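Down below is the structure, laid out as structure tokens.
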Amino acid sequence: MSGSIVAGILAPHPPHLVYAENPPQNEPRAECGWEVLRWGYERVRKSLAALDYDVLIVHSPHWRTFVGHHFLGVPHFKGLSVDPIFPNLFRYHFDVNVDVELSEAMCEEAKASGLVTKMMRNPAFRLDYGTIASCHLVNPSWSKPIVGVSSNGSYYYYSNEVGQEEQIALGEATRRAVEKTGRRAVLLASNSLSHRHFTTEAEIPEDMSREHVYHHGQYLWDMRVLDLMKQGRSRELVDELPDFIDHAESEVKAGALTWMLAALGFPSYPAEVHAYGTVIGTGNAVVEWNASHEDVRVAASPPVG
Ligand SMILES: [Fe+2]
């Protein structure tokens, strides 16, 4: 059976969103907070519940590697993950299954296309909060196995463009591995958009009177990027990301969004923006590319000729 990528989600990972939800796995307790983004994630959960899929593949900025692209290579991880910046918000007890066969296939495909790769075989490895937060927010029951992919930052020392080319190659290798292994996969790009943030925290973290856009230029960039997504202009979007990175300190520099759009084959159908909001002033959007929407668009198009 030939596999396919059935959806891709821009799934930002601020630990605040997990904190505000009060799941049993997380130690700190919140009163509320960041509802619009959390409601966006609720819509994603409903959308994915209607899809038949086997695995979540997540690319996280906070599993940072500088020698190669690393892939989770142990069937089960259990432990405590603490956000180093916000240990008061995120102390999460994770218990995660990994699709190692798919992970190995992705590693092999990436290696065959000339990328430097490594399987992560340490059973005591502590999963990063980016991987955990994105997977939790999309699928809080953890009912599906995951494949975790690191964010290899080395090629950004040359330029943003070179870094992106590397992530495009990784995305194409990911698609081939999914197809060859017969998986039906959902991809998660675990990153924010603009990333200028506060320097002091409110006494009550969920005090929403402190939460807003802090820089109009950053906001304009976020709206530009979301507009391209909504119009299905994903190839043009990727071409503009090097400027977005420089002008808005964007977390897309970690490569997750570029990797995902390349794996999806640079979709020309409109993405669905489920939510936009700030977390400590950074721009975050929950956005879905659902391959079934492409079928609708194709069916609605008049015949050529
Ligand atoms: Fe982050």
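No lab work stands behind these numbers, since they all come straight from the coordinates. Just so you know, these numbers come straight off a predicted model, no measurement behind them. Here the Cβ is made from the backbone with ideal geometry for all residues, glycine too, and neighbour counts use every protein chain on show.
This ranking places Ile5, Ile57 by how few other beta-carbon atoms lie within 10 Å of each, fewest first, which gives Ile5, Ile57. As a proxy for reagent exposure, ranking Ser159, Ser81, Ser209, Ser190 by other Cβ atoms within 10 Å from fewest up yields Ser209, Ser159, Ser81, Ser190. What FRET efficiency, computed as 1/(1 + (r/R0)^6) with R0 = 51 Å and r the Cβ-Cβ distance, is obtained for Ser113 and Trp39, rounded to the nearest 0.05? Efficiency, rounded to the nearest 0.05: 0.85. Within the chain, antiparallel bridges make up roughly 50 percent of the DSSP beta bridges whose residues both belong there. Whole-Hz Karplus values for segment 146-155 come out as 10, 10, x, 10, 7, 9, 7, x, 5, 6 Hz, taken residue by residue from phi with 6.51 cos²θ - 1.76 cosθ + 1.60 and θ = phi - 60°; glycine and proline positions read x.
Seen from Gly130, the other residues with C-beta closer than 12 Å to its C-beta sum to a net charge of -2, counting Lys and Arg as +1 and Asp and Glu as -1.
Seen from Glu31, the other residues with C-beta closer than 15 Å to its C-beta sum to a net charge of -3, counting Lys and Arg as +1 and Asp and Glu as -1.
Spin-label model, Cys32 to Ala202: label points 7 Å out along the Cα-to-beta-carbon direction sit 1.1 nm apart.
Taken along the Cα-to-beta-carbon direction at a fixed 7 Å, the label points for Ser159 and Arg184 span 4.2 nm.
In this simple spin-label model, placing a label point 7 Å from the Cα along the Cα-to-Cβ direction at both Asp246 and Leu80 gives a separation of 4.4 nm. In a DSSP loop and with at most 14 other Cβ atoms within 10 Å, the chymotrypsin sites (Phe, Trp or Tyr not before Pro) in segment 95-175 are Tyr158. Pairs of Lys residues in the chain that lie 8 or more places apart, or on two chains, and have C-alpha atoms under 23 angstrom apart add up to 10. Were the residues from Asp95 through Ser268 laid out at 0.36 nm apart, the gain over their Cα-Cα distance would be 58.6 nm.
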